[in-house]
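Student: Take this structure, written in structure tokens, and hold onto it; I'll ask about it next.
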Amino acid sequence: MNSETWKTGKEEELKFWLGWLASKGKAYEGLRRLSDRFTFMIGNKKRVKIANLGAGPVCLIGDRRRDVKVKVISSDLLANEYRKLLKELNLKPANPVKRQDMAKLTYKDNSFDIVYCANALDHTLDPHKALLEMVRVCKPGGYIYLRHIAHEGQRHRYRDLHQWNIDMTEDGDCIFWNNDSRPQTDTFLLSDIYPGFTTTIEIIPKAALVTSFVQKNE
């Protein structure tokens with residue numbers, strides 16, 4: 001992705017979120033129940049720290065549970081721009097999104113019980129580096145959980161920030177590639193990053209949803 005593509009894509013992304021926040025943002029000003037998809041990763045823990053990477057302008061996954069002390073740290077590369085949108089709309093989320101580059105996280109090694117990323121890896125300049133960073137900041141025994149629409153680059157004809165494709169392979173691995181991919185260069189598998197990911201695919205209206213997760217070795 002060149003600088004011009006990134007600039008244009010960023011503008012389109014901000015335009016999308018401005019409309020979304022105008023109609024739905026008020027509901028995300030308060031704390032919300034953490035999504036049930038995290039239950040199996042929490043297990044019997046009484047407190048968990050979750051990195052919500054590529055979160056967008058607000059925390060969409062929820063941030064509280066009655067039985068567990070939950071700390072969600074949401075981040076996005078466009079957090080500063082999103083903050084301006086929130087101010088423009090007079091929205092004040094209880095759990096603000098902070099600026100982080102997924103490929104260069106400032107978090108310490110082994111910091112999080114769960115590292116979560118949804119519909120954001122296809123936007124990154126280098127998902128390979130981003131995934132390595134996820135492994136680095138995940139605690140031993142913790143989980144990395146990915147959730148993305150398949151073939152986003154192709155579906156959007158590589159316009160805006162949708163530059164990468166993600167899909168499940170026939171043998172159950174997960175593959176990443178983009179429009180410029182050449183053998184042994186840009187194309188890579190999740191197993192190249194870290195062994196043991198479980199990948200599933202679910203057909204949803206007009207698309208397919210690819211989910212991958214792994215528990216980091218103790």
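Student: Could you tell me the ratio Rg/Rh of the range 1-58? Both radii from Cα atoms, Rh via Kirkwood. Walk me through the numbers before you get to the answer.
Tutor: Values: Rg = 16.3 Å, Rh = 14.5 Å.
Rg/Rh: 1.12.
Student: At Ala94 and Lys46, where each label point lies 7 Å from the Cα along Cα→Cβ, what is the point-to-point distance in nanometres?
Tutor: Between Ala94 and Lys46, the simple spin-label model gives 2.2 nm.
Student: Non-local amide H neighbours of Tyr143 (under 5 Å, H modeled in plane, Pro and chain starts lacking H): which ones?
Tutor: Distant-sequence amide H within range of Tyr143: Ile114, Val115, Lys216.
Student: Then there is this: Using every Cα-Cα pair within the range 33-89, state what percent have a distance larger than 16 Å.
Tutor: Working: 744 of 1596 pairs.
Cα-Cα pairs of the range 33-89 separated by over 16 Å account for 47 percent.
Student: Can you list which of the trypsin sites (Lys or Arg not before Pro) found in the range 71-141 are DSSP loop residues with at most 15 other C-beta atoms within 10 Å?
Tutor: Details: sites: Lys71, Arg83, Lys84, Lys87, Lys98, Arg99, Lys104, Lys108, Lys129, Arg136; in loops: Lys108.
Passing both the DSSP loop test and the Cβ count: Lys108.
Student: Work out Dmax and Rg for the range 1-116 from the C-alpha atoms and quote the Rg first, both in angstrom.
Tutor: Every Cα atom of the range 1-116 included, Rg and Dmax give 15.2, 48 Å.
Student: While we're looking at this one, here's another question. What 222 nm value per residue comes from the helices of the chain, counting each DSSP H run with n ≥ 4 as -39,500 (n - 2.57) and dividing by all residues, nearest 500 deg cm²/dmol?
Tutor: Details: 6 runs with 55 residues, N = 218.
Theoretical 222 nm ellipticity from helices: -7000 deg cm²/dmol.
Student: Under a Cβ-only charge scheme (Lys and Arg +1, Asp and Glu -1), can you give me the dipole magnitude of the range 82-218 about the Cα centre, in debye to the nearest 20? Don't skip to the end; give the middle numbers.
Tutor: On the way: 18 positive and 18 negative charges, 187 e Å.
Magnitude of the dipole: close to 900 debye.
Student: Could you list log10 I(q)/I(0) for the range 152-218 at q = 0.14, 0.17, 0.19, 0.26 Å⁻¹, which the Debye formula gives when each Cα is one point scatterer?
Tutor: The Cα Debye sum returns log10 ratios of -0.47, -0.68, -0.82, -1.20.
Student: List the residues, sorted by chain then number, that are 5 or more residues from Ser111 or on another chain and whose placed amide H is less than 5 Å from its amide H.
Tutor: Residues meeting the amide H criterion: Cys138, Lys139.
Student: While we're here: Could you check which residue among Asp113, Asp67, Asp173 shows the biggest mean-square fluctuation in a GNM of the chain with a 10 Å Cα cutoff?
Tutor: Asp67
Student: How large is Rg over Rh for the chain, taking Rg from the Cα atoms and Rh as the Kirkwood inverse mean of 1/r across Cα pairs? Don't skip to the end; give the middle numbers.
Tutor: Details: Rg = 17.0 Å, Rh = 17.9 Å.
So for the chain, dividing Rg by the Kirkwood Rh gives 0.95.
Student: Testing the spin-label approximation: label points 7 Å from Cα along Cα→Cβ at Leu14 and Lys104. State their distance in nm.
Tutor: About 2.0 nm, to one decimal.
Student: Measure out, as a whole number of angstrom, how far apart the alpha-carbon centroids of the range 1-47 and the range 108-122 sit.
Tutor: First find each Cα centre; the distance between them is then 13 Å.
Student: Between the range 140-218 and the range 69-97, what is the separation of their alpha carbon centroids in Å?
Tutor: 26
Student: Note down the nm distance, to one decimal, between modelled labels 7 Å out along Cα→Cβ at Lys71 and at Lys129.
Tutor: Once both label points are built, they end up 2.8 nm from each other.
Student: How compact and how long is the range 93-145, expressed as Rg and Dmax of its alpha-carbon atoms in Å?
Tutor: Cα radius of gyration and Dmax of the range 93-145 are 11.2, 32 Å respectively.
Student: Based on the alpha-carbon set only, what is the convex hull volume of the range 70-184 divided per residue, in Å³? Don't jump to the answer; show the numbers that get you there.
Tutor: Details: hull volume 15.7 nm³, N = 115.
That works out to 136 Å³ per residue.
No lab work stands behind these numbers, since they all come straight from the coordinates. All figures in this text were calculated on a predicted structure; none of them were measured in a lab. Positions of Cβ are generated from backbone atoms using ideal geometry, with glycine treated the same way; all protein chains shown enter the neighbour counts.
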